[in-house]
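Inspection log for the structure reproduced underneath, given as structure tokens.
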Amino acid sequence: MNAIVIKGGKRLEGSVDISGAKNAALPILASTLLTSGTSVLTNVPRLEDVSTMIRLLEYMGAECRWHDSLIVDSTRLKNSEAPYELVKTMRASILVLGPLVARYGYARVSLPGGCAIGARPINLHLKALETLGARIELEHGYVTAHCDRLRGGEISFDTVTVTGTENILMAACLADGVTTIDNAAEEPEVVALAETLSRMGGRISGAGTRRIVVEGVPRLSPVASRIMPDRIEAGTMMVAAAITGGDVRIRGARQEHLGAVVTKLEEVGVKIEPEGDVLRVIGPERIGSADLRTHPFPGFPTDMQAQFMALMTISEGDSRISETVFENRFMHVNELQRMGADISIQSNTAHIRGVPHLSGAPVMATDLRASASLILAGLAARGETRVTRIYHLDRGYEQLERKLTDLGASVRRVSEE
């Protein structure tokens, strides 16, 4: 087991490049199952979740190899099953269900795992696939879907679901007829998937809005696609600059993907200057306070809630952060309290009273974004912070400690053994 050790108090300065987005790469990798042939994906982040998806594709018979790009040949798939051993660590594995049943008429996929941040049921995926004509069975921890060929239908999600939208978007591309998806997720990653499917030959309109229309086609073709920059990594780096009073130029941060994050950072005194495809982020001497509620895009992203909370722990004044997306996403609070943060929880709202400084302490990561928040807190803390269970971090951040070190932070990875 590894840990990350941070010596706080270093002001971050310089430039940093943002890696490709995990949450865009995973559905696009799953979409290669819809085609027969070789697809070429560039700017794919080398992350544990991406490696898991690659192993899953290879288990099904796809040939995957890295050069400068990731090359996926899905010509000779040999089975339509996603076993528990590969699915248990990553919820996004459910994204193979729609493509498999659409292309082969059969799929057997283990119920997924991932971060323990809430229930995140897949019933919306299954109900939508049934609307498209699939016969669904749940037994022994697996979902089995059968269908001679999916047919278009009208789908209206009860609540906004990103992976549900992506799963049905992929399946509908090979369905017979027209599919409408109402209350669809508007996230940039959904738009990136739709753009990739369109280059494969899919007929899609409305991606990025609450209503997506898909006209099914008989077949799709392999594609060359570049993975969009990771807006959550960009937001994390913006908070890193702010929490250290730094001055950082972030290459690959797209302001249109970060509107709610930019608004809140500016509200607490952070200066943000667009410079072409670069965002310059300048932290103030003291951070102001702000209230926020997480919402699906274009609202404040739940994946940035923990990082913003770390920033608010050293703000001047009181803040409230309400989590409306996942019911169990305050597990980082106990660890921040170990560092001297003044936080109390009432229902789905965290009340944060800013303190003059945090103190370094041994802390434990509980999920992917919690691990990032503890590292950010460590950057601002006095003394040394040791973050354990960082395998969560490696699921979603590519070489974060190196990037922070290049900006002047004292961050190193050590063996716990």
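The values are calculated or read from the model by the stated rules, or taken from the named source; none is laboratory data. Here the structure is a predicted model, which means the values were calculated and not measured. Glycine also receives a Cβ, built like all others from the backbone with ideal geometry; neighbour counts cover every protein chain displayed.
Structure values in brief
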{"item": "Residue satisfying all of: in region 132-161; in contact with an Asp or Glu (Cβ under 6 Å, 6 or more places away or on another chain) and at pLDDT 95 or above; farthest from PRO99 (Cα to Cα) among these", "result": "SER156"}
{"item": "Residues that are of a type outside the set (Ser, Thr, Tyr) and surrounded by 14 or more Cβ atoms within 10 Å (Cβ to Cβ), drawn from region 47-57", "result": "LEU47, GLU48, ASP49, VAL50, MET53, ILE54, LEU56, LEU57"}
{"item": "Search result, residues across region 57-91 that are in contact with an Asp or Glu (Cβ under 7 Å, 6 or more places away or on another chain) and within 22 Å of ASP394 (Cβ to Cβ)", "result": "CYS64, MET90"}
{"item": "Residue match in region 68-77 (condition: closer than 20 Å to ALA128 by Cβ and either outside the structural domain of PRO222 (by TED's automatic domain parsing) or of a type in the set (A, V, I, L, M, F, W, C) (or both))", "result": "no"}
{"item": "Residues that are surrounded by fewer than 15 Cβ atoms within 10 Å (Cβ to Cβ) and farther than 19 Å from PRO222 by Cα, drawn from region 70-82", "result": "ASN79"}
{"item": "Selection count where residues are assigned to a helix (DSSP H, G or I) and of a type in the set (D, E, K, R), scope region 146-184", "result": "1"}
{"item": "Residues located in region 83-107, provided they are closer than 16 Å to LEU150 by Cα, without any contact (Cβ under 8 Å) to a residue 40 or more places away in the chain and either hydrophobic (A, V, I, L, M, F, W, C) or surrounded by 19 or more Cβ atoms within 10 Å (Cβ to Cβ) (or both)", "result": "ALA107"}
{"item": "Residue within region 224-244 that is farther than 21 Å from VAL40 by Cα and in a loop (DSSP other than H, G, I, E, B) present", "result": "yes"}
{"item": "Answer residue from region 307-321, given it is in contact with an Asp or Glu (Cβ under 8 Å, 6 or more places away or on another chain) and not in a loop (DSSP other than H, G, I, E, B) and is surrounded by the fewest Cβ atoms within 10 Å (Cβ to Cβ) among those", "result": "ARG320"}
{"item": "PRO296 being out of contact with any strand residue (DSSP E or B) (no Cβ under 9 Å at 6 or more places or on another chain) and assigned by TED's automatic domain parsing to the domain that holds SER15", "result": "yes"}
{"item": "Of all residues making up region 281-303, the number that are assigned to a strand (DSSP E or B), farther than 21 Å from ASP342 by Cα and more than 23 Å from the chain's Cα centre (by Cα)", "result": "1"}
{"item": "Members of region 323-337 found to be modelled with pLDDT of 95 or more and surrounded by fewer than 18 Cβ atoms within 10 Å (Cβ to Cβ), listed by number", "result": "GLN337"}
{"item": "Single unsatisfied condition, VAL40 versus (1) of a type in the set (Val, Ile, Thr); (2) at pLDDT 95 or above; (3) touching a helix residue (DSSP H, G or I) at 6+ places or on another chain (Cβ under 7 Å)", "result": "(3)"}
{"item": "Hits in region 368-395 - residues which are in contact with a Cys (Cβ under 9 Å, 6 or more places away or on another chain), buried (at least 24 other Cβ atoms within 10 Å of the Cβ) and not aliphatic (A, V, I, L, M)", "result": "ARG369"}
{"item": "Filtered residues of region 28-59 (kept if in contact (Cβ under 8 Å) with a residue 60 or more places away in the chain, over 13 Å from VAL72 (Cβ atoms) and assigned to a helix (DSSP H, G or I))", "result": "GLU48, ASP49"}
{"item": "LEU376 vs. criteria at pLDDT 95 or above and closer than 17 Å to ILE18 by Cβ", "result": "yes"}
{"item": "VAL414 at pLDDT below 95 and either farther than 27 Å from GLY259 by Cα or out of contact with any Pro (no Cβ under 9 Å at 6 or more places or on another chain) (or both)", "result": "yes"}
{"item": "Region 221-254 - residue that is under 18 Å from GLN307 (Cα atoms) and among the polar types (S, T, N, Q) and, of those, surrounded by the most Cβ atoms within 10 Å (Cβ to Cβ)", "result": "THR236"}
{"item": "Those helices (runs of 4 or more DSSP H) lying entirely in region 341-417 with at least 2 residues out of contact with any strand residue (DSSP E or B) (no Cβ under 9 Å at 6 or more places or on another chain) and either under 17 Å from ALA242 (Cα atoms) or not hydrophobic (A, V, I, L, M, F, W, C) (or both)", "result": "368-380"}
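For (1) crowded, with 18+ Cβ neighbours inside 10 Å; (2) under 18 Å from the mean Cα position of the chain (by Cα); (3) modelled with pLDDT of 95 or more, each residue gets a yes or a no:
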{"site": "ILE168", "(1), (2), (3)": "yes, no, yes"}
{"site": "ILE181", "(1), (2), (3)": "yes, no, yes"}
{"site": "GLU187", "(1), (2), (3)": "yes, yes, yes"}
{"site": "VAL190", "(1), (2), (3)": "yes, yes, yes"}
{"site": "GLY202", "(1), (2), (3)": "yes, no, yes"}
{"site": "ILE212", "(1), (2), (3)": "yes, no, yes"}
{"site": "ARG219", "(1), (2), (3)": "no, no, yes"}
